[in-house]
Amino acid sequence: MSESLFIALAPVFGMILIGWGLRRSGMIPEAQWGPISRLAYLGLSPAILFTSIARADLSSLQLGPFMGAAILGFLGMAALTLAMKPILRIPDATYTSLFQATARWNGLLIMALAISLFGTEGEVLVALVMAASIPLVNMECVAVLSVWGDGAKPKWSSVIYRIITNPLIVGSAAGGLVNVFGVQIPEPAWRTVSMMGQAALPLILLAVGAGLNFTAMKARPRLLGFSVFLKLMIAPLVFYGFGIALGIEGVPLMVLVLTGASPGAASAYVLAKQMGGDAPYSAGDITASALFCFITIPFWLAVLG
């Protein structure tokens, strides 16, 4: 790994390790990390999506091909995992968690990496992918859990309502409206929202570290290794392939690779518990993918960058 790549990645991974250390030391009790994570994701993160999109120069981006490649990447991984269903001799509930492991991504962790590597351009590109992928991925995962999960089947009207009222979607949509219509935000209000966004990423990285649960990795270790391989080694190639096919290059192409190479998201565990998935398996995947991405993300950036 080059020195410049190490310098860019080290602070992000360092914050994750500090979060793990804080939880292990008991300095911040384990029971408090849930509210901290919720504050970061739902209370502060909409602000960074709003500010990223609101003042972005979208005319300078290959927006159509880039967003098309990102959406195709998520659909491609969903199709690949669905195609494996008949040959995987695992319980249906466990399959739903494997699907979530390959479908979901931790967009805010990837935003922190993209900012460190590529600055404002990386931030804007990840924000746009998050805005498009949150509804898509959530609908994919709910659909799979509705078919194969052991829990109660939700009403789709309720699912769609929860998606469109998701604070991250609201923040992204508000930023898009401000950008498109040239709305002028008073400077004091803009600085307040910007400060909220700046507080989000450090808290998120600390929460990712605090959420590492190495005991959970004992649940179905062979299957866990398979899903982590799909997510961290195959998904980056899928996103990269669609990017190359649509003529994407430079920083946007590397953001696509990072999107594919992202570890799993904690929301997979929450949804597995709610809808009858294999929650222990999801917990193990979240930890394992977060742990091994320390190796695979630098690898893919070095190889494909």
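List of remarks:
- Scanning segment 16-64 for residues that are without any contact (Cβ under 8 Å) to a residue 40 or more places away in the chain and either within 22 Å of the chain's Cα centre (by Cα) or at positive phi (or both) returns G26, G34, P35, R38, G64.
- Test for S157: is it among the small types (G, A, S), on the phi < 0 side of the Ramachandran plot and without any contact (Cβ under 8 Å) to a residue 24 or more places away in the chain: yes
- For segment 163-186, filtered to residues that are assigned to a helix (DSSP H, G or I) and without any contact (Cβ under 8 Å) to a residue 24 or more places away in the chain, the residue that is farthest from the chain's Cα centre (by Cα) is F181.
- Annotation: of all residues in segment 214-249 being of a type in the set (F, W, Y) and over 26 Å from M67 (Cβ atoms), the one that is surrounded by the most Cβ atoms within 10 Å (Cβ to Cβ) is F226.
- Among the residues of segment 101-138, those identified as polar (S, T, N, Q) and either farther than 18 Å from T296 by Cβ or assigned to a helix (DSSP H, G or I) (or both) are T102, S116, T120, S133, N138.
- Of the residues making up segment 86-108, those that are in contact (Cβ under 8 Å) with a residue 60 or more places away in the chain and within 23 Å of P135 (Cβ to Cβ) are T96, S97, L98, Q100, A101, T102, R104, W105, N106, G107, L108.
- Considering (1) within 23 Å of V257 (Cα to Cα); (2) modelled with pLDDT under 95; (3) of a type outside the set (K, R), the lone condition that A78 does not fulfil carries the number (2).
The values are calculated or read from the model by the stated rules, or taken from the named source; none is laboratory data. Worth saying up front: this structure is predicted, and the values here are computed from it rather than measured. FYI the Cβ positions are ideal-geometry reconstructions off the backbone, even for glycines, and counts take in every protein chain you see.
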